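**Student:** Please find one structure pasted underneath; my questions will follow.
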Amino acid sequence: QNNYKVTVCGAAGGIGQPLSLLLKQNPLVSDLALYDIVHTPGVAADLSHIDTKSKTAGFIGADQLGDSLKGSDVVVIPAGVPRKPGMTRDDLFNVNAGIIKDISNSIAKNCPKALVAIITNPVNTCVPIAAEILKKAGVYDPKRLFGVSTLDVVRARAFIGHALGVDPQTVQIPVIGGHSGVTILPVLSQSQPLFKGNQDTIEKLTVRIQEAGTEVVKAKAGAGSATLSMAYAGARFAGSLLKGLNGEKNVIECSYVQSTVTEATFFSTPLVLGKNGVQENLGLPKLNDYEKKLLEAAIPELKKNIQKGIDFANA
Ligand code: APR
């Protein structure tokens, strides 16, 4: 078909703008709808001058959310607020969770069959919130809802590639679990080429991948969290969803989805993507003893994160 509508919710933000720029370059996109509560007319006008085929339109304010989503095939959501002075983590959670709830309700009305990719943090909790809201609206399809954990794979590829002196683009590595701290489980024993090292080197690299977001937060010194690398990862993931929609075979990405692979009801594993979203869950890669211990540490944390989302959606 080759022509798909993609909506970016939060398109004016630090992630949203470069993400929209990258999507503007995707030849499978025919319509790019940019939604935010600020600045989208300007961002859309700017992007619309780029000489690629997609038509770009800006939508601003809650009144225009529905129009931005109408008929969308893929919705990517980096909308959210960063933490401001005086805000607790719970305040931040409540605002972002509320944003996900509102957007999910509008998706249910305007594009119930869309593939939805959530970037807004905490991803581990925001995806279950969206699932509950879509369920209440009677349109939930677990094969069509994704948490974007691609940045963890992208980072693992970069770190391994540079450490081994090979092109990171040639590195394959599953990163499973969730998308924060100890829930991120890079399966280094399955990397290709194999990342060989003693246990200390392996643990250091594992922790670096788990804490890579904090590395960026520290370096940005108060100016926010990862935006450019997250936009790259979000565009790669959305691009894979589009390839799947378009009938390409063997499109594989790790993503955080509803899952029966472990006791955590949402969990990231490698997935084959197809015309209806998840075509096949490839399940847990082979884990060594160290990775099994990491999995044991991840599960209770993930379960807590998931329950928090279910409770928020049903409060
Ligand atoms: N609807 C749509 N967009 C919204 C809403 C809303 N209700 N509330 C805020 N936004 C927009 C903001 O106007 C802003 O343009 O979301 C965008 C967020 O951009 P930034 O503040 O620059 O934050 P960013 O660094 O892009 O991170 C966004 O992604 O990775 C996560 O933790 C991150 O949750 C955060 C989100």
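**Student:** When ALA57 is evaluated against the numbered criteria (1) within 12 Å of the ligand (Cβ to nearest atom); (2) touching a residue at least 12 places away in the same chain (Cβ under 8 Å), which criterion, by number, is the only one it fails?
**Tutor:** (1)
**Student:** Which of the residues spanning the stretch 43-80 are in a loop (DSSP other than H, G, I, E, B) and over 20 Å from VAL95 (Cβ atoms)?
**Tutor:** HIS49, ILE50, ASP51, THR52, LYS53, SER54, LYS70, GLY71, SER72, ASP73 - these are the residues of the stretch 43-80 that are in a loop (DSSP other than H, G, I, E, B) and over 20 Å from VAL95 (Cβ atoms).
**Student:** Do any residues in the stretch 98-109 that are farther than 12 Å from VAL139 by Cβ have Cβ atoms under 7 Å from those of residues that are more than 10 Å from the ligand (Cβ to nearest atom) and among the hydrophobic types (A, V, I, L, M, F, W, C), where the two are at least six apart or on different chains, and which pairs are they?
**Tutor:** Hits for this filter: ILE100/ILE129; ILE100/ALA130; LYS101/ILE129; LYS101/ILE133; LYS101/ALA313.
**Student:** Within the stretch 21-30, does at least one residue satisfy the condition of being of a type in the set (Ser, Thr, Tyr), open to solvent by less than 50 Å² (accessible area, probe 1.4 Å), away from the ligand (no atom under 11 Å from the Cβ) and farther than 18 Å from VAL116 by Cβ?
**Tutor:** yes
**Student:** Could you say whether any residue in the stretch 97-106 is within 15 Å of LEU69 (Cβ to Cβ), within 14 Å of the ligand (Cβ to nearest atom) and not in a helix (DSSP H, G or I)?
**Tutor:** Within the stretch 97-106, not a single residue is within 15 Å of LEU69 (Cβ to Cβ), within 14 Å of the ligand (Cβ to nearest atom) and not in a helix (DSSP H, G or I).
**Student:** Mind checking whether some residue in the stretch 96-106 is open to solvent by 50 Å² or more (accessible area, probe 1.4 Å), among the basic types (Lys, Arg), within 19 Å of the chain's Cα centre (by Cα) and within 25 Å of ASP311 (Cα to Cα)?
**Tutor:** Taking every residue of the stretch 96-106 in turn, at least one turns out to be open to solvent by 50 Å² or more (accessible area, probe 1.4 Å), among the basic types (Lys, Arg), within 19 Å of the chain's Cα centre (by Cα) and within 25 Å of ASP311 (Cα to Cα).
**Student:** Out of LYS109, LYS143, LYS136, I need the residue that is open to solvent by 30 Å² or more (accessible area, probe 1.4 Å), among the charged types (D, E, K, R) and within 22 Å of GLY274 (Cα to Cα). Which one?
**Tutor:** LYS143
**Student:** Mind checking whether some residue in the stretch 108-121 is under 15 Å from the mean Cα position of the chain (by Cα) and modelled with pLDDT under 95?
**Tutor:** yes
**Student:** Given the criterion within 13 Å of the chain's Cα centre (by Cα) and either over 18 Å from GLY147 (Cβ atoms) or free of Cβ contacts under 8 Å to residues at least 40 places away in the same chain (or both), identify the matching residue among SER259, SER240, SER255.
**Tutor:** Exactly one of SER259, SER240, SER255 is within 13 Å of the chain's Cα centre (by Cα) and either over 18 Å from GLY147 (Cβ atoms) or free of Cβ contacts under 8 Å to residues at least 40 places away in the same chain (or both), namely SER240.
The values are calculated or read from the model by the stated rules, or taken from the named source; none is laboratory data. This one's a predicted model, so the numbers in the text were calculated from it and none came from an experiment. Note: ideal-geometry Cβ built from the backbone for every residue, glycine included; neighbour counts use all protein chains shown. Calculation scope for accessible area: heavy atoms of the full protein, side chains included, ligands and nucleic acids excluded. Shrake-Rupley method; radii C 1.70, N 1.55, O 1.52, S 1.80 Å.
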